[in-house]
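These notes are about the structure you will find just below.
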Amino acid sequence: MHSTEQPAPTRRWRIGGVVAAMAATLTLAACGGGSDGDSKPSTAAGGDGGSSGGGSGTLTIGVSSDPQTLDPEWGQAHRANETIKNLYGQWTRYEVIDNGDGTLKADLTKDPIGEAIESYSLSDDGKTVTIKLRPDAKLPDGEPITADTFLFKVERALEMNAGSVFDFNILGITKMSQVKKVSDSEIQFSLPNPSPIVGPMLRDQDAGIVDPKLVKEHMTDDDPWGTEWVAQNGAPTGAYVIEKYEPGRQLVLKANPNYWGEKPNFDRVVLQVIPDEGQRAQLLRQGSIDIAADMSTDAIARLDGASGVRVHSVEAISQHQLGLVNDKPPFDDARIRQAIAYAIPYQSLVDNVMGGRAATPKGVWPQNSAWFDESVEWPYATDPEKAKQLLAEAGAENLEFTVQISDGDADAQALAVPIQSALRDIGVTMNIEKVAAARFSKNLTKRSMQAWMQSGLGAYVDDPYYMAYLSHASTAVINWTNYKNDVVDGITEELSRTVDRDRRQELATELQAALNQDVPIIPLAEPNWMLPTREDIEGVLWEPDGLMTYRLLKRAGG
Amino acid sequence: MRRGFWLRYLGRRLLAAVLALFGVAVIVFVVTRLLGDPVELILGQRATPEQAAQLRAKLGYDDPLPQQFVRYIGDLVQGDLGVSNYTQRAVTDEIADRFPATLELALAGMFLGLLWTIPLGVLAAQRPGGWVDRVSRAIAEFGLAIPNFFFGLLLILLFAYVLGWAPAPVGELDIGATPPPRVTGMVVVDALLAGDLSTFSSALKYLALPAITLAVTSCPPILALTRTSMITALRGDYVRSARAFGLPQRTVRWYALKNSLVPVLTMSAMTFGFLVGNTVLVETVFSWPGVGLYSVQSMQRFDYAPVLGVVLLGSAIYILVYLLADLISMAIDPRVREGQT
């Protein structure tokens, strides 16, 4: 359950909770949890120095590890992504809804608005994107942010061809000739097809702009984009810049004095590496840190109700999923997939495994998505008789299969056990195989398993095309179940070139109906996004990426 | 002793050391490659197969394994441990950054370990089966039986959270504190060198619990051996003679101690080797920014180069310490030397 870092690839699809790794740390954690007893505020030695988030201007976050890299082009893992999100200026951002309880959430019903840019607009044919820049935006050293700053970013992403290139490729931007500098304050993209997701893609943390001057100073013949230097030092442009970085110990951020937007509430953010989850929890109880990041559901549940601690909880669009690989037996028969879907004890998973901080699914499509259509039938309430009947129809006797789970995915492991016993009740044997995170990732890519289970999968962009393109179409990169349905492929194709919102909703509804019928993936539960903090921390923003926004965090009354 | 003997002996041992390190390199190389490569982790899940293939080629992971191995050994011989796939830093630099923290912890643990085990072992040997012997054996068995990280957690719970005598386990210094100017990389030593007494005392407080954890859980074998060899020594003819001549008890004990030190020294060296290995979990519990924690993180990321680097470093330390202990015992005990010729 606990542990040190999130090894799983967590890009578009964030593997929630955190993640563990080594058996040893697991045991540790269990034990850290056992130490639930009284924790007194440390007046002891540890308390004396600059500890505790006490300093009015300093926010202290306990994190599981260093960021894997500080180069946005390479940002893939959770810890790196969150750091990158707070260091690099994004082109756009979601508008924010105040939930009124100290939490905020991204308004997914609207297109993102300008952040580092002033605004963007699409031409009538949807193929030209005009981007107006802010006249007042500055880099941390006070130099103006101009069209060249943005062009440099796009070129760096395209040339490096690392993770961030996806943000542009999915829009159809593959070469610099499609990116035109109209003037110092205006840029144009020429897209091959109209794209409905320009705003959301430019919001991505790894699309954030880098400081061209800093990067250029460190470009060499061997390293034409200066990635070696940027990975270690960063070239920030966002709300925070780096004050000091001591790998393995701490990363200290300070507010960017020349940030164009609203000033961050905290002048400094200290990301202190506390690899053991149990210790992060204990330090939070005791008030040495303001926020415990990278926590598993289990650990968060144990923090619930602790004095001085508050668990922020916001409805999100991620799911815990059981994927059934569709193109090989036994799951090439839809009836068998449906039978499994009828056998899952949904309510019990939410109550007993998720501590009530989750919703039972209402479809393969997440119910908090702006595109979710409640009228689409989701028949799979827990019904073992129906399940047995479907198995009998399919002629499946003594069905046995193996589900793989990443050893870093504590939540999936916790979910697997009650599911295993529910399946036993309908005569199905589910073997659980834990595999190393990197191996799990490889097996997903190769579609080499029969079934997999993962926690906290959620799209970074709440859009039917994005979701279909990435996971449901037969050619989708993360269609880990090898699901193939011509109707779905047709819908995906039409979505790729349709910008009319009403038509898109119709297509999204058809897509949901097809998915609910086929259940290539069984949604197990839809967890809330949760963040344990000291009780005086407010301004906790949930966005679909599940990454904290430090800029908006504040201390109540502070 | 003749110089030729020493040179031949050293040469033989060093050759054996190199062979042992080579063996370790082979094993670690094979094991890490069996696990799979980190390309998918680095690129993330939405990467296309073409991108993965491109990166795999760039990192050389698509070459045949023997070729990768030859390249790796070739670099190794030149002192190049490779580059981390994530941080893009040279592994030698990353280890150099973190090893002092591990060394500081291991030395402190060893120091405390010798401090409690040798005196107790000597005392216990005075009256085998007496209460000192029984109590010390109970402590030693406890230390051996309890997993080190678990003992660390107990100490944290009791001394940091319940009693508040020790700082919470956030590493070597307070959260956000600025470390003293780096000279040795060992915070306690650097604080002293900088004349910064408040940082020095703060650093000592942070060092205390993890060092005690290592001292209690890693050093019991030294106690057991001190006791046994002291008992043997006290039964020796020369002790009986010394007693017969009416030498004072203290002098007699000193004779016996000197004679029983040789195996204790070897055992201490071995223990130190183990202790460096044991820091891995202890560092995790105490957020100690040493190489142990670094290797755990690197393993989770399938970052080969750091893993190989740390394992080789650990093996080299072990071999080196062992060699040193042998050399010292040969220097002080002619019988050991004779066995070698």
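Please pick out the residue among A:Gln321, A:Gln286 that is within 14 Å of chain B (Cβ to nearest Cβ), farther than 27 Å from B:Ile95 by Cα, out of contact with any Gly (no Cβ under 7 Å at 6 or more places or on another chain) and modelled with pLDDT of 95 or more.
Step by step, each of A:Gln321, A:Gln286 is checked, and only A:Gln321 is within 14 Å of chain B (Cβ to nearest Cβ), farther than 27 Å from B:Ile95 by Cα, out of contact with any Gly (no Cβ under 7 Å at 6 or more places or on another chain) and modelled with pLDDT of 95 or more.
Here are B:Leu105, B:Leu76: which of them is within 14 Å of another protein chain (Cβ to nearest Cβ) and either touching a strand residue (DSSP E or B) at 6+ places or on another chain (Cβ under 7 Å) or part of a helix (DSSP H, G or I) (or both)?
Working: B:Leu76 fails: within 14 Å of another protein chain (Cβ to nearest Cβ).
Step by step, each of B:Leu105, B:Leu76 is checked, and only B:Leu105 is within 14 Å of another protein chain (Cβ to nearest Cβ) and either touching a strand residue (DSSP E or B) at 6+ places or on another chain (Cβ under 7 Å) or part of a helix (DSSP H, G or I) (or both).
Only one of (1) on the phi > 0 side of the Ramachandran plot; (2) surrounded by 20 or more Cβ atoms within 10 Å (Cβ to Cβ) is not met by B:Gly79, so which one is it?
(2)
Could you grab me the full set of residues in segment A:88-102 that are more than 28 Å from A:Val210 (Cβ to Cβ) and either in contact with a Lys or Arg (Cβ under 8 Å, 6 or more places away or on another chain) or surrounded by 19 or more Cβ atoms within 10 Å (Cβ to Cβ) (or both)?
Scanning segment A:88-102 gives A:Ile97, A:Asn99, A:Gly102.
Can you tell me which residue among A:Gly308, A:Gly395, A:Gly356 is in contact (Cβ under 8 Å) with a residue 12 or more places away in the chain and either surrounded by fewer than 20 Cβ atoms within 10 Å (Cβ to Cβ) or farther than 14 Å from A:Asn516 by Cβ (or both)?
A:Gly308
Out of B:Ala25, B:Ala16, B:Ala20, report the one residue that is within 22 Å of the chain's Cα centre (by Cα), modelled with pLDDT of 80 or more and either surrounded by 18 or more Cβ atoms within 10 Å (Cβ to Cβ) or part of a loop (DSSP other than H, G, I, E, B) (or both).
Exactly one of B:Ala25, B:Ala16, B:Ala20 is within 22 Å of the chain's Cα centre (by Cα), modelled with pLDDT of 80 or more and either surrounded by 18 or more Cβ atoms within 10 Å (Cβ to Cβ) or part of a loop (DSSP other than H, G, I, E, B) (or both), namely B:Ala25.
Every residue in segment A:395-444 that is among the β-branched types (Val, Ile, Thr) and within 14 Å of chain B (Cβ to nearest Cβ), please.
A:Val435
Could you list, in sequence order, the residues of segment A:78-112 that are within 14 Å of chain B (Cβ to nearest Cβ) and under 25 Å from A:Phe152 (Cβ atoms)?
First, pick out the residues of segment A:78-112 that are within 14 Å of chain B (Cβ to nearest Cβ): A:78-81, A:83-84.
Result: A:Ala80, A:Asn81, A:Thr83, A:Ile84.
Going by the structure shown, is A:Glu262 more than 25 Å from the chain's Cα centre (by Cα) and more than 30 Å from A:Leu158 (Cβ to Cβ)?
no
Mind listing whichever residues of segment A:157-195 are surrounded by fewer than 15 Cβ atoms within 10 Å (Cβ to Cβ) and not in a strand (DSSP E or B)?
A:Glu159, A:Thr174, A:Lys175, A:Met176, A:Ser177, A:Asp184, A:Pro192, A:Asn193
Looking at B:Val280, B:Val291, B:Val311, can you tell me which residue is farther than 24 Å from B:Phe5 by Cα and free of Cβ contacts under 8 Å to residues at least 24 places away in the same chain?
Exactly one residue qualifies, and that residue is B:Val280.
Take residues that are more than 25 Å from A:Asp545 (Cα to Cα) and charged (D, E, K, R) and tell me which of the helices (runs of 4 or more DSSP H) falling wholly in segment A:267-353 contain 1 or more.
A:277-286, A:334-343
Criterion first (of a type in the set (Val, Ile, Thr) and buried (at least 23 other Cβ atoms within 10 Å of the Cβ)) does A:Thr83 satisfy it?
Numbers: of a type in the set (Val, Ile, Thr): yes; buried (at least 23 other Cβ atoms within 10 Å of the Cβ): yes.
So A:Thr83 fits the description; yes.
Only one residue in A:Lys244, A:Lys263, A:Lys216 is basic (Lys, Arg) and within 12 Å of chain B (Cβ to nearest Cβ). Which one?
A:Lys244
Please go through segment B:58-73 and pick out each residue that is within 14 Å of another protein chain (Cβ to nearest Cβ) and loosely packed, with under 12 Cβ neighbours inside 10 Å.
The one that is within 14 Å of another protein chain (Cβ to nearest Cβ) and loosely packed, with under 12 Cβ neighbours inside 10 Å: B:Lys58.
Could you list, in sequence order, the residues of segment A:502-548 that are among the hydrophobic types (A, V, I, L, M, F, W, C) and assigned to a helix (DSSP H, G or I)?
Within segment A:502-548, the first condition is being among the hydrophobic types (A, V, I, L, M, F, W, C), and the residues that meet it are A:507-508, A:511, A:513-515, A:519, A:521-522, A:524-525, A:529-531, A:537, A:540-542, A:547-548.
Scanning segment A:502-548 gives A:Leu507, A:Ala508, A:Leu511, A:Ala513, A:Ala514, A:Leu515.
So which of B:Leu81, B:Leu144, B:Leu120 ends up being out of contact with any Phe, Trp or Tyr (no Cβ under 8 Å at 6 or more places or on another chain), of a type in the set (A, V, I, L, M) and not in a helix (DSSP H, G or I)? Explain how you work it out, then say what you get.
Values: B:Leu144 fails: not in a helix (DSSP H, G or I); B:Leu120 fails: not in a helix (DSSP H, G or I).
Result of the check over B:Leu81, B:Leu144, B:Leu120: B:Leu81.
Criterion first (buried (at least 21 other Cβ atoms within 10 Å of the Cβ), among the hydrophobic types (A, V, I, L, M, F, W, C) and at the interface with chain A (Cβ under 9 Å from one of its Cβ atoms)) does B:Ala160 satisfy it?
Spelling it out, B:Ala160 is indeed buried (at least 21 other Cβ atoms within 10 Å of the Cβ), among the hydrophobic types (A, V, I, L, M, F, W, C) and at the interface with chain A (Cβ under 9 Å from one of its Cβ atoms).
What helices (runs of 4 or more DSSP H) completely inside segment B:282-341 contain at least 1 residues that are in contact with a helix residue (DSSP H, G or I) (Cβ under 7 Å, 6 or more places away or on another chain) and away from chain A (no Cβ under 14 Å)?
Passing ranges, in order: B:304-332, B:334-340.
Which residue, of B:Ser136, B:Ser84, is within 30 Å of A:Ile291 (Cβ to Cβ), among the hydroxyl-bearing types (Ser, Thr, Tyr) and crowded, with 20+ Cβ neighbours inside 10 Å?
Step by step, each of B:Ser136, B:Ser84 is checked, and only B:Ser84 is within 30 Å of A:Ile291 (Cβ to Cβ), among the hydroxyl-bearing types (Ser, Thr, Tyr) and crowded, with 20+ Cβ neighbours inside 10 Å.
Considering segment B:17-30 alone, what residues qualify as being under 20 Å from B:Ala325 (Cβ atoms) and either among the β-branched types (Val, Ile, Thr) or out of contact with any Leu (no Cβ under 9 Å at 6 or more places or on another chain) (or both)?
Scanning segment B:17-30 gives B:Val18, B:Leu19, B:Ala20, B:Val24.
Could you please give the count of residues in segment A:250-265 that are under 30 Å from B:Pro100 (Cβ atoms) and either touching a helix residue (DSSP H, G or I) at 6+ places or on another chain (Cβ under 9 Å) or of a type in the set (Asp, Glu) (or both)?
Residues that pass the stated criteria total 2.
Is at least one residue of segment A:68-76 modelled with pLDDT of 90 or more, more than 10 Å from every other protein chain (Cβ to nearest Cβ) and closer than 27 Å to B:Arg89 by Cβ?
yes
Go through segment A:199-250 and count every residue that is within 28 Å of A:Tyr94 (Cα to Cα), among the hydrophobic types (A, V, I, L, M, F, W, C) and not in a helix (DSSP H, G or I).
6
Name every residue in segment A:470-490 that is without any contact (Cβ under 8 Å) to a residue 12 or more places away in the chain and more than 14 Å from chain B (Cβ to nearest Cβ), in order of residue number.
Selection gives A:Asp486, A:Gly490.
Taking the condition closer than 30 Å to B:Leu155 by Cβ, more than 23 Å from the chain's Cα centre (by Cα) and either crowded, with 22+ Cβ neighbours inside 10 Å or aliphatic (A, V, I, L, M) (or both), does A:Arg249 pass? Break it down into steps so the answer makes sense when it comes.
Numbers: closer than 30 Å to B:Leu155 by Cβ: yes; more than 23 Å from the chain's Cα centre (by Cα): yes; either crowded, with 22+ Cβ neighbours inside 10 Å or aliphatic (A, V, I, L, M) (or both): yes.
Yes: the conditions hold for A:Arg249.
The values are calculated or read from the model by the stated rules, or taken from the named source; none is laboratory data. On a predicted model such as this, the values are computed, not experimentally measured, just so you know. For neighbour counting, all protein chains shown are included, and Cβ atoms are generated from backbone atoms with ideal geometry for every residue, glycine included.
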